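To start, the structure itself, in structure tokens.
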């Protein structure tokens, strides 16, 4: 795509916004309508030339020649607006199912209110390079990328590099029938289509044109029969938003797919009756929300009793796949863990015991910024059979910064993911501790079928020289009792996640204790614990803190417990945290943690150096405060030496 065309799109986008249309979905929809109108005329011109060449009579699609793009673009702005509003849009709403994209235009409306803006949009679109599927597909993709910088109402696209990763992992082939049951802008279908064309392109025919565009998706190795399948029966998608259906259909057509099979339907509802039809599903279904129980497809109710859409979509994917069909789907962390308790566990057991779960790839919680900070993973599975082993990978970087700007960076795990996947397929794979490994079905069963990668990757092998014990056996474990937002006042220490204690009027514990945060220290979507606290005497703790008190201090030193858990928190505690957005740690999981237990005198020897060091740090802090006060006093004395009237120095 030429930079000049990008600039035109940028300028037109700005004009829409300044013209009062700030919803990016509506902007793209209106441009889609204009592209459709232009496309009708382009198709008409080709048909006329063909008819003339072969000497046949041609019947025009247009009831009035003045409705054609070639005529419209010549009109002054006010007349153009009137013709578009009163003639062109009624025409495209009733154009019928047999015309390219026409079946998706039945409720098309002109939302542009200003004649000058409509005229500008027509002139800009007329100058865009729409001569071939490579450039016009890229142009529309660039237009859709605007959703990534101006998302609204939860409408945003799966990042293109994540789509490409999932497509490459599933490696679509020309005999596949591919579906996305939550298609949105059809990014997955476009990605699969481009992968197919590139896969079936003769390397000798790849070329770079005079504008520097690489043409490597020619599909010239496809037979006539294969090309027919590609254009008519290969790609299917559904969405419950008619606007998104239109945009998706246009996206596919501009990428060269002649007959996109887009369905206006909620794929979880009773009126969606697809089953065992597709060999490949690629999807990023809605993360949150519920569906009316009465409208859930009856076949899904037989599998899961839940209203959670993120669970129902995975069950629906299993239903629409043919036996042996494969899938790559993005799911929130809730699907991998407790998600609605029994329904979530039932779904995971279904994936592991009655199907072939192949991989779980966790992604950074920043993947979908700036719209959401949420923990997600890619599941890869095949329908049927059963799971023997699952590859788990922790993607820490995707090649973009973790802030809302998403600036490209050098750190990128995606090439390594693809390389390791190939090594697994070739039988030459080697795991990397803490990063990726193959997990057995038995290990998954032992973890109650939970599939969070950090449960399996962030493991630490402790020295077996010491007997290990479970925390619930040696500690009383309970939650704090006071909300963390409580104002600090009173005489008793009040422990929260902050480094410094607050104070409160009452105490609820009188003991030595270790306090562990139950919520992530870095906010939405990311599991982390910044610090633990050791506290003694009379104190209270916030409700977001777990309090551990030792049952028998002749066996366990509370300080040893604190230093051990503080030093191994990232290995033993953080991997147990759960949640897609609000990541938390449960008391039950803390109780299951096992730690080595040396004899009491050994524990005391181990912590002695820590205690001495902390004491020394405290002394140095006091010394620093004294020195700061001395510095202020010296400054005051120095000034008084030279001033007639001494001025008091503010010591705050």
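Across the chain, C-alpha contacts under 8 Å between residues 6 or more apart give a mean separation that, scaled by the residue count, equals a relative contact order of 8 percent. For region 438-476 versus region 336-379, the spacing of their alpha-carbon centroids is 19 Å. An oblate overall shape is assigned to region 468-598, the ratio a/c of its alpha-carbon gyration tensor axes (a ≥ b ≥ c) being 1.5 or greater and a/b not exceeding b/c.
Arrange the following residues from fewest to most other Cβ atoms within 10 Å of their Cβ: 616, 246, 68, 639. Numbers along the way, then the final one.
Values: 616 10, 246 25, 68 20, 639 13.
Starting with the residue having the fewest Cβ neighbours, the order is 616, 639, 68, 246.
Taking the DSSP beta bridges in the chain as the whole, what percent of them are antiparallel, to the nearest 5? Just about 70 percent of them are antiparallel. Distance from the alpha carbon centroid of region 216-292 to that of region 1-35 works out to 25 angstrom. Computed from the alpha carbon atoms alone, the convex hull of region 438-496 holds 197 Å³ per residue. From helices alone, the chain scores -12000 deg cm²/dmol at 222 nm; the rule is -39500 (n - 2.57) for each run of n ≥ 4 DSSP H residues, then divide by the residue total. Grouping the Cα pair distances of the chain into 20 Å bins from zero gives a pair-distance distribution of 15, 40, 27, 14, 3, 0 percent in increasing distance order.
Starting from the Cα gyration tensor of region 349-480, take the square roots of the eigenvalues, sort them a ≥ b ≥ c, and report rounded, prolate or oblate (rounded when a/c is under 1.5, otherwise prolate if a/b is larger than b/c, else oblate). Oblate shape, in that a/c is at least 1.5 and b/c is the bigger or equal ratio.
I'd like the orientation of helix 133-144 relative to the chain: the angle between its Cα long axis and the longest Cα principal axis, in ° from 0 to 90, rounded to 10. Roughly 50 degrees between the two axes.
Can you tell me, using C-alpha contacts under 8 Å and at least 6 residues apart, the relative contact order of region 1-92 as a whole percent? Display every interim value, and only then the final one.
Values: 27 pairs, mean separation 18.0, N = 92.
The normalised contact order for region 1-92 reaches 20 percent.
When peptides 178-185, 493-500, 460-467 are ranked by their average number of other Cβ atoms within 10 Å per residue, the highest-first order is 178-185, 493-500, 460-467.
Highest mean first, how do 164-177, 406-419, 351-364, 104-117 rank when packing is the count of other Cβ atoms within 10 Å averaged over residues? Provide the component values of the computation, followed by the final result.
Working: 164-177: 18.5, 406-419: 13.5, 351-364: 20.7, 104-117: 16.7.
Taking the mean over residues of other Cβ atoms within 10 Å, the ranking is 351-364, 164-177, 104-117, 406-419.
With contacts taken as Cα pairs under 8 Å at a separation of at least 6 residues, region 468-598 carries a relative contact order of 34 percent.
Taking a ≥ b ≥ c as the square roots of the Cα gyration tensor eigenvalues, with a/c under 1.5 meaning rounded and otherwise prolate when a/b beats b/c, else oblate, which class fits region 1-128? Kindly include the intermediate steps, with their values, before the conclusion.
Values: a/c = 1.89, a/b = 1.59, b/c = 1.19.
Prolate, because a/c is 1.5 or more and a/b exceeds b/c.
Using C-alpha positions alone, give me the convex hull volume of region 326-393 per residue in cubic angstrom. Write out the running numbers ahead of the final one.
Values: hull volume 5.3 nm³, N = 68.
Convex hull volume per residue, Cα atoms: 78 Å³.
A short reminder: the numbers here are calculations on the coordinates, not readings from a lab. This is a predicted model, so every value here is computed, not measured. In this analysis, Cβ positions are derived from the backbone assuming ideal geometry, glycine residues included, and neighbour counts consider all displayed protein chains.
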